[in-house]
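See structure below.
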Amino acid sequence: MYDIAIIGSGVSGLGAALYSGRFELKTVVIGDKPGGTIILTNDIANYPGFNNITGFELSEKLKKHVKDYNVDFKDGKVTKVEKQKNGFVLTAGKEVIKTKSVIFATGTEWRKLNVPGEKEFSGRGVHYCALCDGAFYKEKVVAVVGGSDSAAKEALLLTEYAKKVYIIYRGDKIRPEPINEQRVEDSKKIEVINNTNIIEIKGDKTVKSVTFDKAYKGSKEFNVDGIFVDIGHIPLSGLAKDLGVKLNDKGEIIIDRECNTIMKGVFAAGDVCNTRFKQAITGVAEGVTAAYSAYHYLKEI
Amino acid sequence: MAKVKVYSTPTCPWCIKAKDWFTENKIKFENFDVSEDEKARNEMVEKSGQMGVPVIIIDDTVIVGFDIDQIKEKLGM
């Protein structure tokens, strides 16, 4: 029987694991995305103590740090969490894990556009990660959908490959951090199209064009070789919900200042939670806090 | 032993994770860099019907993305 089972092996889960290990609690981290979504971020310049680091390196460093302590790691997707008399039982493939407490650090997945053609052309012109698939678009024309800081960073990364990068945004003005906003403005390859939605994606073997909901330069049809969707994230909170943990209307796990959920013995941290600011550093800090709360909970039971 | 092929690009983080995972679990694999190797890229697109990476082929099973559960199941782990 474990003291703490941490679901999710992203940076929030690793932050929790580090402290849990230091508290000498019997700890397991289980997840099917080792490193978490941060590994898809090429350039992190706001994690205190690291002037510039890739998401991949940051997660590797954290994992290496965790390994200084006695923490078990298991690979696989947790498909069920059940409450039992003396704790919880997690199922992941062939693994059955018994634990006294649970920390949900399950993160998020990409929000989809939900327009015709998106699914059909997924991986054939519709992509969700510039760092992964950008290299296929050398000297091509691509579009990033979204107006966040993350969307701006995707566009900037794509300028290394593509000859032209459009940012398609439904709002009046994209809203990256000022530093990235300036970079977008300075880039000769990037052009922003505001107040516009893609309503259909078309092509043959691969994407050839999209249809806008309003005309751009006189036409609603717009030729493009690749689309990178970056319109936010959906919390992966299904397991927590099934267990009886309270979520908000966005589907995020509701936590208090100390990362408690409404359920005794169940804690949560990182992007899956109802915290407004979702950064690597805040996620790690929540992981640490969740481990500390779990430590106190375990002393009391 | 199962024959494992990984179609990847050098920058794709899940490709690196996948290759590291096979190495950690002592499973031999053949890597193809589809950003450079056009023949491999065509092969990948033909077999997986798409060009998102990584594509992992274990014997005849095509797995798109680093899907640990599917990989473990296919390898009987």
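Read the figures in this text as sums done on the coordinates, not as results from a lab. Because the structure is a prediction, the values reported are computed rather than measured. Positions of Cβ are generated from backbone atoms using ideal geometry, with glycine treated the same way; all protein chains shown enter the neighbour counts.
Overview of values
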item	result
Chain A - percent relative contact order, Cα under 8 Å, separation 6 or more	21
Relative pair counts by distance (%), Cα atoms of the range A:1-85, 5 Å bins	3, 15, 24, 22, 16, 11, 5, 2, 1, 0
Set A:K26/A:K80; A:K153/A:K217; A:K83/A:K246; A:K33/A:K299; A:K140/A:K220; A:K85/A:K241 screened for pairs whose C-alpha atoms are more than 24 Å apart	A:K153/A:K217; A:K33/A:K299
Unit charges at the beta carbon, dipole of the range A:175-289: most positive-side option, A:C273, A:G244, A:V210	A:V210
Selection of chymotrypsin sites (Phe, Trp or Tyr not before Pro), the range A:26-89, meeting DSSP coil and at most 16 other Cβ within 10 Å	A:Y69
Solitary cysteines of chain A, where the nearest other Cys Cβ is not under 4.7 Å	A:C259, A:C273
Chain B - mean residue ellipticity at 222 nm from DSSP helices (-39,500 (n - 2.57) per run, n ≥ 4, rounded to 500)	-11500 deg cm²/dmol
Coil-residue GluC sites (Glu not before Pro) of the range A:225-301, DSSP, other Cβ within 10 Å capped at 16	A:E258
Degrees separating the helix A:149-158 axis from the principal Cα axis of chain A, which is the longest one	60
For the range A:1-129, with +1 on Lys and Arg beta carbons and -1 on Asp and Glu, the positive-most of A:S20, A:G87, A:L113 along the dipole	A:G87
Cα centre as origin, Lys/Arg/Asp/Glu Cβ charges: the range A:112-229 dipole, Debye	260
10 °C / 1.306 mPa s Stokes-Einstein diffusion coefficient of chain A, Kirkwood radius on C-alpha pairs, µm²/s	78
Residues in the range A:148-171 that a label on A:E191 would reach, taking backbone N under 15 Å of a point 7 Å out along Cα→Cβ	A:163-169
Largest-first principal axis extents, alpha carbons of the range B:4-74, Å	29, 23, 17
Percent breakdown of C-alpha pair distances by 5 Å bin, ordered from the shortest bin, for the range A:195-301	2, 11, 16, 15, 10, 7, 8, 10, 8, 7, 4, 2, 1, 0
Cross-link table A:K100/B:K74; A:K94/B:K28; A:K278/B:K26; A:K202/B:K47, entries beyond 27 Å C-alpha to C-alpha	A:K100/B:K74; A:K278/B:K26
Degrees between helix A:11-22 axis and first principal axis of chain A (Cα, 0 to 90, nearest 10)	20
Peptide-level mean, for B:63-69, of C-beta atoms on other protein chains within 10 Å	4
Mean shadow area of the range A:112-229, taken as a quarter of the surface of its Cα convex hull (nm²)	6.5
Inter-probe distance in nm under a simple model that places probes 7 Å from Cα toward Cβ, at A:E181 and A:Y69	4.0
Peptide A:127-135, shielding by other chains (average Cβ, 10 Å cutoff)	5
For the range B:4-74, size of Cβ-based charge dipole, Lys and Arg +1, Asp and Glu -1, in debye	160
³J(HN,Hα) computed for each position of the range B:3-19 - Karplus, 6.51 cos²θ - 1.76 cosθ + 1.60, integer Hz, glycine/proline x	8, 10, 10, 10, 9, 8, 10, x, 8, 6, x, 5, 5, 5, 4, 4, 5
Per DSSP, loop GluC sites (Glu not before Pro) in the range A:120-202 with at most 16 further Cβ within 10 Å	A:E120, A:E139, A:E160
DSSP beta bridge pairing in chain A, given as percent antiparallel to the nearest 5	45
Paramagnetic label zone (point 7 Å from Cα along Cα-to-C-beta, A:T79; backbone N under 17 Å) in the range B:39-67	B:67
Estimated dipole of the protein assembly as shown in Debye, rounded to 20 [Cβ of Lys and Arg +1, of Asp and Glu -1, Cα centre]	560
Number of partner chain Cβ atoms within 10 Å, mean per residue of B:10-22	5
